[in-house]
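Engineer: Have a look at this one.
The values are calculated or read from the model by the stated rules, or taken from the named source; none is laboratory data. As the structure is a prediction and not an experimental result, all values here were calculated from the model. Glycine gets a Cβ as well: all are built from the backbone with ideal geometry, and neighbour counts include every protein chain shown. SASA here: full protein model, heavy atoms, side chains in, ligands and nucleic acids out. Shrake-Rupley method; radii C 1.70, N 1.55, O 1.52, S 1.80 Å.
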Amino acid sequence: MKMFERIFLLFLSIVVTVVIAGKAPPPIFTETGKALAEKLCEKSEDKAFCVSSLTSRHEAETATAPKLGVIALSVASTNASDTSLYIKSKLKQKNLEPALEDTLDDCSKNYLDAVAQLDDSLAALLANAYIDVDIWLNTAISDGEACEDALSERAGNDAELARRNTNFLKLCKDALLINTILTP
């Protein structure tokens, strides 16, 4: 009888804690690697892209959920840095159309900010500051959306930058999705 009472009290304390916190604890995953990536990406806008980006790094093969969160941010940050370099190289070209040059200038500023915000997100994730990760990722997404707006609203459009920007937004949204899942 004593064992039943202890189990009941333990169960009751967990329920009370969850009710007080107003949120269930984060899920515990038994999977690792690609199987876990597939599970985490179930609600992604582009599941195949999400799984592919999460499993693109060698360390993903045996990664746990927190490690996949780090990989998601790392892949997004690398993408933002590469896109920023692409924009800088385009801006060095001579005889750019003024509308394209304006678009590239705006996107360059957006991507410089996004790189810094993703670095801040990674530092916050490593400190288990999930709310800060959420804030920084949403800000990086806003930067990508501002670039997207500049690309679509002006005559100066660059198809390669538009493709890169679309991928950047997907990567950030997937990282945000994973962060939301990991948030206690």
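Engineer: Have a look at 84, 56 and point out the one that is open to solvent by 30 Å² or more (accessible area, probe 1.4 Å) and either within 15 Å of residue 143 (Cβ to Cβ) or within 22 Å of the chain's Cα centre (by Cα) (or both).
Structural biologist: Values: 84 fails: open to solvent by 30 Å² or more (accessible area, probe 1.4 Å).
Exactly one of 84, 56 is open to solvent by 30 Å² or more (accessible area, probe 1.4 Å) and either within 15 Å of residue 143 (Cβ to Cβ) or within 22 Å of the chain's Cα centre (by Cα) (or both), namely 56.
Engineer: Residues that are touching a residue at least 12 places away in the same chain (Cβ under 8 Å) and farther than 28 Å from residue 33 by Cβ: does the range 62-80 have at least one?
Structural biologist: Going residue by residue through the range 62-80, those that are touching a residue at least 12 places away in the same chain (Cβ under 8 Å) are 62-66, 68-77, 79-80.
Those still in the list that are farther than 28 Å from residue 33 by Cβ too: none.
The answer is no, given that none of the residues of the range 62-80 is touching a residue at least 12 places away in the same chain (Cβ under 8 Å) and farther than 28 Å from residue 33 by Cβ.
Engineer: Could you list, in sequence order, the residues of the range 60-83 that are over 12 Å from residue 179 (Cβ atoms) and not polar (S, T, N, Q)? Working first, answer last.
Structural biologist: Taking the range 60-83 as the starting set, the residues that turn out to be over 12 Å from residue 179 (Cβ atoms) are 60-64, 67, 71, 74-75, 77-83.
Matches in the range 60-83: 60, 61, 63, 67, 71, 75, 80, 82.
Engineer: Hey, another quick one. Of the residues that sit in the range 102-135 and are in a helix (DSSP H, G or I) and of a type in the set (Gly, Ala, Ser), which one is surrounded by the fewest Cβ atoms within 10 Å (Cβ to Cβ)?
Structural biologist: Start the filter on the range 102-135 by keeping residues that are in a helix (DSSP H, G or I), which leaves 102-126, 130-135.
Next, only the ones that are of a type in the set (Gly, Ala, Ser) stay: 108, 114, 116, 121, 123-124.
On the way: 108: 18, 114: 30, 116: 16, 121: 29, 123: 14, 124: 20.
My answer is 123.
Engineer: Could you list, in sequence order, the residues of the range 147-176 that are open to solvent by less than 40 Å² (accessible area, probe 1.4 Å) and either hydroxyl-bearing (Ser, Thr, Tyr) or at pLDDT 95 or above (or both)? Walk me through it before giving the result.
Structural biologist: Quick first cut of the range 147-176, residues open to solvent by less than 40 Å² (accessible area, probe 1.4 Å) only: 147, 150-151, 156, 158, 161-162, 165, 167-169, 171-172, 174-176.
Passing the criteria: 147, 161, 162, 165, 167, 168, 169, 171, 172, 174, 175, 176.
Engineer: Then there's this: Which condition number in (1) farther than 19 Å from residue 170 by Cβ; (2) under 15 Å from the mean Cα position of the chain (by Cα); (3) open to solvent by 80 Å² or more (accessible area, probe 1.4 Å) is the one that residue 30 fails?
Structural biologist: (2)
Engineer: Let me ask you something else. In the range 136-184, which residues are without any contact (Cβ under 8 Å) to a residue 40 or more places away in the chain and among the acidic types (Asp, Glu)?
Structural biologist: 143, 145, 148, 149, 153
Engineer: Of the conditions (1) touching a Ser or Thr at 6+ places or on another chain (Cβ under 9 Å); (2) crowded, with 21+ Cβ neighbours inside 10 Å; (3) farther than 22 Å from residue 146 by Cα, residue 64 fails just one. Which one is it?
Structural biologist: (2)
Engineer: Among (1) over 18 Å from residue 166 (Cβ atoms); (2) touching a Ser or Thr at 6+ places or on another chain (Cβ under 8 Å), which single condition is residue 151 missing?
Structural biologist: Going through (1) over 18 Å from residue 166 (Cβ atoms); (2) touching a Ser or Thr at 6+ places or on another chain (Cβ under 8 Å) one by one, residue 151 breaks only (1).
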